[in-house]
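Asks: Below are the structure tokens for one structure; questions will follow.
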Amino acid sequence: MLLALDAMGGDRAPQEPCRGAVRACESLPDLEVALVGDGKRLEPLLEEAPSSVRSRLHVVHTEEYITMEDSPSVSMRRKRNSSLRLALDMVRGKEAAGCVSAGNTGAIVAGGVLVLGRIAGIDRPGLGVPLLSLSRTSLLIDVGATVRCKPVNLVQFALMGSIYMRCLAGVPEPSVALLSNGEEDIKGDDVISEAREILKASSLNFVGYVEGKDVPVGKTDVVVCDGYTGNVLLKFGEGLGEGVFGLMKEEIRRSFLPKIGLAFMWPMLRQLHTRFDYEKQGGTPLLGVEGTVIKAHGRSKARAIDNALRVARQFVLQRGVETIREEVAKGGM
């Protein structure tokens, strides 16, 4: 399986994408990676890879790339030789089975729509992020693909999220909820209220509203919101986790007794950190486009890129795009 990797995307490009591609190919003998980017910068970073791995790493040269400050849709149209655009072109042309990028989220979404096109019946794509909670893995959708939503967009996110959890995650009857500012029906703005009424009349296992406090405890299988809210919620969770661990380290440095307690708690803390580590998740699929596109975190290091490539590989093997297309065509509502 050949996957296209935007080697110039992300805060730590191209070093970390190259290292991540090497790591993935070392443990996955059936994987090949096309690293799209500046060949003069990429080639030296791949020199130390074992020969059996190096033969499965292909450099697609381009000196053009999209920065985090670039306008998504404009850059996708004007920078036709950018690393991200060429990686998506490889997916459209069936040269690559999927695309992975840690770059500009807006450009990845715009590219998914402009280059690959939307699945019939889907107006806007959604980024779905699996979140480990106390009782289950919940899918939060959307987390940045569609910032301003109409009711139909939220309804379609609910449909795609339900399909993903049922067909790809193995949850028999996934419960679906809308994220709102309260559980009562009178809460929520006009967009959320209208989406609620449509979902109530649908065949989905809609359970109503959930609040922000319900997300970490896994109250439902699918949590639906607009991309702005979802992105803020996701980044807040990341910052909260880092902040708590930072405070713990500070308190441990200040006195002796916490150091003793840490010796007993350390295995549990490491397990907890691993459970909620975004690098372990690697990347999230852009649902609703005609191709496998995985968005990795902008700060991704080699381990996260490695895992993002694994997510892409698994999504292809599970026929993720085809499954969503087929289920939407059946009228899954």
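Here's the yes/no breakdown for (1) of a type outside the set (Ser, Thr, Tyr); (2) in a helix (DSSP H, G or I); (3) crowded, with 16+ Cβ neighbours inside 10 Å:
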site: 293; (1), (2), (3): yes, no, yes
site: 300; (1), (2), (3): no, no, yes
site: 308; (1), (2), (3): yes, yes, yes
site: 323; (1), (2), (3): no, yes, yes
site: 326; (1), (2), (3): yes, yes, no
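Asks: Sticking with this structure for a sec: Can you tell me which residues in region 189-232 are in a helix (DSSP H, G or I), touching a helix residue (DSSP H, G or I) at 6+ places or on another chain (Cβ under 6 Å), among the aliphatic types (A, V, I, L, M) and open to solvent by 20 Å² or more (accessible area, probe 1.4 Å)?
Replies: Within region 189-232, 191, 198 qualify.
Asks: While we're looking at this one, here's another question. Which one of the conditions (1) open to solvent by 10 Å² or more (accessible area, probe 1.4 Å); (2) in contact (Cβ under 8 Å) with a residue 40 or more places away in the chain; (3) of a type in the set (D, E, K, R); (4) touching a helix residue (DSSP H, G or I) at 6+ places or on another chain (Cβ under 9 Å) does residue 136 fail to meet, given that it meets all the rest?
Replies: All conditions are met except number (4).
Asks: Looking for whichever is open to solvent by less than 20 Å² (accessible area, probe 1.4 Å), touching a helix residue (DSSP H, G or I) at 6+ places or on another chain (Cβ under 6 Å), modelled with pLDDT of 90 or more and not hydrophobic (A, V, I, L, M, F, W, C) here; the options are 162, 175, 180. Which one fits?
Replies: Going through 162, 175, 180 in turn, just one is open to solvent by less than 20 Å² (accessible area, probe 1.4 Å), touching a helix residue (DSSP H, G or I) at 6+ places or on another chain (Cβ under 6 Å), modelled with pLDDT of 90 or more and not hydrophobic (A, V, I, L, M, F, W, C): 180.
Asks: Got a sec? Which of 107, 87, 96 is of a type in the set (Gly, Ala, Ser) and assigned to a loop (DSSP other than H, G, I, E, B)? Show your work before the answer.
Replies: Working: 107 fails: assigned to a loop (DSSP other than H, G, I, E, B); 87 fails: assigned to a loop (DSSP other than H, G, I, E, B).
The unique qualifying residue is 96.
Asks: Report yes if residue 118 is among the charged types (D, E, K, R), under 22 Å from residue 289 (Cβ atoms) and in contact (Cβ under 8 Å) with a residue 24 or more places away in the chain, otherwise no.
Replies: Values: among the charged types (D, E, K, R): yes; under 22 Å from residue 289 (Cβ atoms): yes; in contact (Cβ under 8 Å) with a residue 24 or more places away in the chain: yes.
Here the answer is yes, as residue 118 does meet what is asked.
Asks: What residue, among those in region 70-84 that are part of a helix (DSSP H, G or I) and of a type in the set (Ser, Thr, Tyr), is most open to solvent (accessible area, probe 1.4 Å)? Can you show your working first?
Replies: Step one: of region 70-84, the residues part of a helix (DSSP H, G or I) are 72-78, 83-84.
Among the residues that remain, those that are also of a type in the set (Ser, Thr, Tyr) are: 73, 75, 83.
Working: 73: 48, 75: 8, 83: 2 Å².
For region 70-84, the residue satisfying everything is 73.
The values are calculated or read from the model by the stated rules, or taken from the named source; none is laboratory data. None of the values given here were measured: they were computed from a predicted structure. FYI the Cβ positions are ideal-geometry reconstructions off the backbone, even for glycines, and counts take in every protein chain you see. Note: accessible area is taken over every heavy atom of the protein model, side chains too, but ligands, DNA and RNA are not part of it. Shrake-Rupley method; radii C 1.70, N 1.55, O 1.52, S 1.80 Å.
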